[in-house]
Structures are given as structure tokens and as C-alpha cells.
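Quick notes on the structure that follows.
The values are calculated or read from the model by the stated rules, or taken from the named source; none is laboratory data. Note that this is a predicted model, so its numbers are computed, not measured. A quick note on method: Cβ atoms are made from the backbone with ideal geometry, for glycine too, and the neighbour counts reach across all protein chains shown.
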Amino acid sequence: MNDASHTHQHAEHAHGKKDRPFVSLAIAVLTISDTRTEETDSSGRSLVERLTKAGHKVAEKVIVPDDIYQIRAKVSDWIARDGVNVVITTGGTGLTGRDGTPEAIRPLFDKEIEGFGERFRAISHDEIKTSTIQSRALAGVANATYIFCLPGSSGACRTGWDNLIEPQLDYRTRPCNLVELMPRLLEKLPSATHAHAD
């Protein structure tokens, strides 16, 4: 790509951002840990700081133990509410016996966003090399609510938010972002009977 073309693309991207207003979302943060408290929850605190700095609102911040059913219950409560657009969890995505976040969350998904985990591990490889294969970070959509499940370290939370979540939760991001899909997340395909009747 020549310099002129690159400059044009950069200008076009910047112009696109100016064309659209920022849309503030309500984001709930769930820290999953048997040991962390509000005072020691650096990962949850980092996410709250980042999302508020970006212009979003904290719907709620909660800490639950590494228990599949408590995790699922809290997230189920949030996705049933009208006032929560996004859920971000931190912790429980590893391989130990107490790491059960994917098992707790995946059954709630209407659709999984496979690309999130793929890109998260690819980006993390630059920082932690082959250790990235131990992460089971994932994301999906449940009842028109986006759910992102990040590892428990504050570094992993920074990586996930800065590189993937923040830009995709910004309505100004081109060529596409997750915010612009929100009005269509509950669309249903016409049933076979309805389609035949038409």
C-alpha cells in the first residue's frame, strides 16, 4: 500500500468516527474468585476504570466464588434485565478443577462469538507466548446481551479490553462493530409454516 492510499484510508476512518455519536452502554462486571475481595480485586477494578474512561456506565460489579451455579445464576440475572447491555467476567477460564466459567456461561449463549477467543489468544501470544493455549477466554450473545469472559489476571483484562472489547463496543468503529447489531439481536428467522404460508 502506498503512502497516499494509507493516508486516504486513515482519513476515511477518522471521518467515519466523527460521523457517528458515541453510544454509552450499561456494563456489568463479574469477578470470579475464591479469594479476592473488593480491596484485592485488581482485575475487576481495572475493567471498571477502563469502561468508565471509555464513556460507558457500570450497571453492577459483583464478586462470586469459582462455583458454576453461582456464576450462571448471577449472569442469568443480568441478561434477564433490560438495564444491562454487556456482561464482562474475569476469572475461571483456565484448566484447573476450579476453573468453570466456560461451563457456566456457554449454556446461556444463543450464539457464540468464536472470533473473540481466537483473537484474544493470538494477541496474548505476543505477551505470554505459548502459555496462551491455557486460556479458554470466550464470548457470546444471550438474550440480546453481549457476554465476554476474560482470564483473572489484570494484564489479560487489559489485553482483552484494550484490543478487542473497547473497539467493538464503540459505535464509531468502522467498518463494523457490535453496538450497531444490538437492535437486531432478537430477530428470528420465519418459521417453516409461516414461510410456506407466504
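Structure notes:
- The one condition in (1) surrounded by 22 or more Cβ atoms within 10 Å (Cβ to Cβ); (2) among the hydrophobic types (A, V, I, L, M, F, W, C); (3) over 13 Å from the mean Cα position of the chain (by Cα) that Cys176 fails to fulfil: (1)
- Of the residues examined, Ser124 is not one that is among the small types (Gly, Ala, Ser), out of contact with any Cys (no Cβ under 8 Å at 6 or more places or on another chain) and without any contact (Cβ under 8 Å) to a residue 24 or more places away in the chain.
- Being modelled with pLDDT of 95 or more and of a type in the set (S, T, N, Q) is not true of Thr7.
- Selection status of Ala137, at pLDDT 95 or above, over 23 Å from Glu180 (Cα atoms) and out of contact with any Phe, Trp or Tyr (no Cβ under 6 Å at 6 or more places or on another chain): no
- Arg81 vs. criteria out of contact with any helix residue (DSSP H, G or I) (no Cβ under 7 Å at 6 or more places or on another chain) and among the basic types (Lys, Arg): yes
- Scope the range 179-191; condition farther than 19 Å from Thr145 by Cβ and surrounded by 10 or more Cβ atoms within 10 Å (Cβ to Cβ); matching residues: Pro190
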